[in-house]
Amino acid sequence: MNKNKEKKGAKNSVREIAEAVVIALVLAILIRTFVIQAFKIPSGSMEDTLLIGDHIIVSKFAYGLQVPKPAMINLFGAPVPFFETRLVTSWGRIERGDVIVFRFPVDRDKDFIKRVVGLPGDKVELRKQVIYINDNKWDESFGVNKGGLYGESTEKNIDFGPYTVPEGSVFVMGDNRDRSYDSRYWGTVPIADIKGKAFVIYWSWNKDNHWVRFGRIGDIIH
């Protein structure tokens, strides 16, 4: 009798642990999908605002709801049916200068991070490395010029446009203006594909020095 009770108790414990794990996983997925998500900066296209090795938190509800929809995703190199989210702007407001994470339009399995430069209907132009919005110079201090990396396309790092941003989209650029693969090369970002607004740096690792950038931890992203 005692052995039966012990077996039953063991089964209950295993079931409770399994239920707790499943609930934790579901909550983690929900939070990651709809609330906040962590990202690591892999390239220097957003220098000096964000450096390679910065780990950031992105607010998924800064502009509205992330609504799930059926989609095909790549899993270990094979397409499988799953879902992705689309932004439905319900509150907040996308503003020029915001740093956003979005699905890369050329490859939707990749996430990019750039700065919003042009809003729907804006006329964007680059004249001698200076940004003009609707024929007015954009008074900003984010951009840096460190020399181009894209060979024949470097003229777009000096002069570009004018280009009118379509409705329902935003024009984005990296802060490292000469070394950013952005809307100048592949077009605008549909607002529905914005995953969220970059919020804070929670960790930063300098791979060259093999050490933590303690001074960057906790920095709010502007």
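The values are calculated or read from the model by the stated rules, or taken from the named source; none is laboratory data. Since this is a predicted model, take the numbers as computed values, not measurements. No Cβ is skipped: glycine too gets one built from the backbone with ideal geometry, and neighbour counts run over all protein chains shown.
Numbers at a glance
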item: Sole residue being closer than 25 Å to Ile36 by Cα and out of contact with any Ser or Thr (no Cβ under 8 Å at 6 or more places or on another chain), chosen from Asp193, Asp135; result: Asp193
item: Among (1) under 30 Å from Val67 (Cα atoms); (2) at pLDDT 95 or above; (3) buried (at least 16 other Cβ atoms within 10 Å of the Cβ), the one test that Tyr181 misses; result: (2)
item: Number of the condition not met by Ile158 [criteria: (1) over 23 Å from Leu87 (Cβ atoms); (2) under 23 Å from the mean Cα position of the chain (by Cα)]; result: (2)
item: Those strands (runs of 3 or more DSSP E) lying entirely in the stretch 59-170 with at least 2 residues exposed (fewer than 15 other Cβ atoms within 10 Å of the Cβ) and either on the phi > 0 side of the Ramachandran plot or at pLDDT below 90 (or both); result: 64-75, 78-89
